[in-house]
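The values are calculated or read from the model by the stated rules, or taken from the named source; none is laboratory data. What you see is a predicted model, and the numbers here were worked out from it, not measured in a lab. As a convention, Cβ positions derive from the backbone with ideal geometry for all residues, glycine included, and neighbour counts pool all protein chains shown. Side chains are part of the model used for accessible areas, which takes the heavy atoms of the whole protein and leaves out ligands, DNA and RNA. Shrake-Rupley method; radii C 1.70, N 1.55, O 1.52, S 1.80 Å.
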Amino acid sequence: MGVNVTSIKTSSNGAWQGDNPLDFAFPLLIVQTTLILVLSRFLAFLLKPLRQPKVIAEIVGGILLGPSAFGRNKDYLHRIFPSWSMPILETVASIGLLFFLFLVGLELDLSSIRRTGKRAFGIALSGISLPFICGIGVAFVIRKTVEGADKVGFGQFLVFMGVALSITAFPVLARILAELKLLTTQLGEIAMAAAAFNDVAAWILLALAVALAGDGPGEQKSPLISVWVLLSGVAFVVFMMIVIRPAMKWVARRCSPERDVVDEAYICLTLAGVMVSGFMTDLIGIHSIFGAFIFGLTIPKEGEFAERLIERIEDFVSGLLLPLYFASSGLKTDVAKISGGRAWGLLMLVISTACAGKIIGTFAVALMFKMAVRESLALGVLMNTKGLVELIVLNIGKEKQVLNDEVFAILILMALVTTFITTPTVMAIYKPARGSSALTHRKLRDLTNTDESKDELRILACLHGLGNVPSIITLIESTRSTKKSQLKLFIMHLVELTERSSSIILVHRARRNGLPFVNRLRRGVWHDRVTGAFQAYSQLGRVSVRPTTAISALSTIHEDICHVAETKRVTMIVLPFHKQQWRGEGDEQTVENVGHGWRLVNQRVLKNAPCSVAVLVDRGFGNGALTPGPTATTTAQSVCILFFGGADDREALELGGRMAEHPAVKVTIVRFVENEGSERNGVLLRPSASKSNEKNYSFCTAKLNPEKEQELDEAVIAEFKSKWDGMVGYTEKTACNIIDDVLGLGQCGDYDLVVVGKGRFPSPMVAKLADHQVEHPELGPVGDLLASSSHRVLSSVLVIQQHDPTHTEETPATKVAQDDDDELKGEVTSGVGEISKVV
């Protein structure tokens, strides 16, 4: 039944007055949007284990909601997605599309494309030209096979088919590379550069296709009109690059970090510029999204202005409006149109031709550039990724009636299949070498036992952000020996890969392979401070600084940390604690929590690290006067090493020895010893009934010889005292009340840093804390005491876990009550198995 569009009302009077909200535009749009979002999110959840990009779920959701599945029920289709509502849905979706293409323009850095060299350009050129030629060949077959396909202009149809088969989706590819941890590899950099070339070429071809297309099969458009459209389009691009681009650079400078407040007028002006640019290209005769894309290219990529624009619009556009566009594409797709062996054979032909053209073209040229066979093949598969631009081409083709329903459905399914197979295929054929490296020093003690003059200390320091820089630099500098071994420092900036991470951020951080905030902020105090610190540090004679970036989901980013530690033969990993604390006025402390997810990252690194690990609880460490340099003579940092006994404490003592070599660091060792009058029967521990790592401290389950451990402790202390006698403070403290004694050292304010072992093999003194209230079990009992913000500790804390591959199994344990002691005497063993006794 036909509907008079002018009679459609926006909102209803409500059900109480007899109106059905679904007969009115706005309530129906709300229902449609909600249905699309819920279904696409549910499908994205189902496809997440397969590591599929979100675009797959959104297209499939649209297909399911449309005539292919749910739409077979005509009552549902006419009630939820009536024909009169589709222009409204598509109009709202098109606004989202307009701004998303503006974001895509933001993602493409033209200057970086020019820097990528001949290899990326050659790969992109072959990856476009061969599929384009194959697309023309398929177009001949489709025109002769599909009914009605030959009614469209020959040139229009060939160009649309060629473009449809040759496109690579730049944003979708960035997401896939990041998910596969390939973004920072050479393969990822080449793929992104080639995809950027491909994207620019695709937009040129799309503009050509739109200019050539008429409004229907029967229309004969004068070739002169197409020429005028193309010339006007070129003039528009030239105007944007010559006039608007310098203007946007001026706007970006006005919004630089040097200015505390960004004028909202500039943000609004830019968003209005997106709309105006879209209107101008629509006026010319090219699609409005072309104008938004070109306007995005004019925005400077350096500085904070681009990121602030992304923060303002990305969530709303990508999370709400863009799924409507993908879903509307699916709603137009009727898989039932593909019926019979001939049609399905045609679908197989289109898919195989698209894959073969893209993969073979890219593979052949990559081999010519002397890339490995596996890398070349993986690159071909990655370049076969389709996505948003593909859908835009197909939708415009259907809108211009160049593609009929059957051809449109075939090409939509082709885009789905080629994108779906990308991730599993790349995982199958290309796995970066992650084998074990050559013999390396896994803990500081191993390094001490070698000829130090020929060896170097390698440390991997991880950062969450700018706030971690001063404390990390101060800690590393304090551990730098001025006399003996070299120091090689690897700085890793940890970036969470979330659904809202734009590929502009991902690609810039990955491609430049350095601290993103160093490269991004070319002006301003932050940049000068960070780059100045690291440049000064790297200029020291025996220090080498190598920055890098890890971009992963929080659930897997520990794999990147451990992999770099393995391949770079690192001796110790330094992790920032997930809470940062500052001393305020009086006794008040300000706590910044970066999130529970980062705490889980630390826990996974502690469990899987191939070397020793240190967790730094920062309370302003680095705000003192310690200046990197071998000639420093003033004491600027005071460090206290707490020693209870055990492997972790011995590693902490080893670090203390390195700190003692630095002339600007004063080290004090406080050794806790048992009260002679106390009972010497030890402490009984047994596995916790709850098995919860959050409610109890975990201790190692390995069986050790207590007498041998005590001998090792005594030997290390004796060696340390003989080596540093007179240069390091040493006191022995009788353990009366461990909690009060430890907190007293942390609260006194005499020490800038307190270093403790995690205590996985606890001494009797530490074992007594097993039933203490747990807040951060990953730090061990003593570390947890000092890290808690409720105890008003003033010193920063460094908790150290020594690497020992034979003693990795840990289990939550509790202290056995005194009443049960006698009953369990006969069951005691020397490890935390069923029942263990710490002596």
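The table for this structure:
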quantity	calculated
Hz values of 3J(HN,Hα) by residue in the range 766-772 - Karplus curve (6.51, -1.76, 1.60), Gly and Pro given as x	6, 4, 5, 8, 4, 9, 6
For the range 695-734, the Rg and Dmax computed from alpha carbons only, in angstrom	14.7, 43
Share of Cα-Cα pairs in the range 116-255 lying beyond 17 Å, as whole percent	71
Tyr730 - accessible surface, heavy atoms, 1.4 Å probe, Å² rounded to 10	60
Peptides 776-789, 118-131 ordered by average Cβ neighbours within 10 Å, highest first	776-789, 118-131
P(r) weight above 17 Å for the range 270-381, C-alpha pairs, percent	75
Approximate shape of the range 733-784 as ellipsoid semi-axes (Cα gyration tensor, √5λ), whole Å, largest first	18, 14, 10
About the Cα centre, charge dipole magnitude for the range 38-101 (Lys/Arg +1, Asp/Glu -1 at Cβ), debye	240
Karplus 3J(HN,Hα) series, Hz, for the range 43-55 with 6.51 cos²θ - 1.76 cosθ + 1.60 (x for Gly, Pro)	5, 4, 5, 5, 8, 4, x, 8, 6, 8, x, 4, 4
Mean Cβ count within 10 Å, highest first, over the residues of peptides 142-154, 593-605	593-605, 142-154
Computed Rg/Rh of the range 115-154, alpha carbon atoms with Kirkwood Rh	1.28
Residue-wise HN-Hα coupling along the range 361-376, computed from phi with Karplus coefficients 6.51, -1.76, 1.60 (Hz; x: Gly, Pro)	x, 5, 4, 5, 5, 4, 5, 5, 8, 6, 7, 5, 4, 5, 5, 5
Neighbourhood charge, 10 Å Cβ-Cβ cut-off, centred on Tyr325 and excluding it, Lys, Arg +1 and Asp, Glu -1	-2
Pairs beyond 22 Å (Cα-Cα), from Lys48/Lys337; Lys332/Lys386; Lys703/Lys758; Lys607/Lys721; Lys488/Lys607	Lys48/Lys337; Lys607/Lys721; Lys488/Lys607
Long-range Cα-Cα pairs in the range 8-64 (distance over 12 Å), rounded percent	68
By average C-beta atoms within 10 angstrom, highest first, the peptides 563-571, 472-480	472-480, 563-571
Linear extension gain, Asn593 paired with Asp23, 0.36 nm per residue minus alpha-carbon span	200.3 nm
Long-range amide H partners of Val755 with built H, under 5 Å	Cys640, Ile641, Leu642, Leu798
Taking only Cα atoms of the range 1-104, radius of gyration then Dmax in Å	15.7, 49
Area accessible to solvent at Trp250, 1.4 Å probe radius, in Å²	130
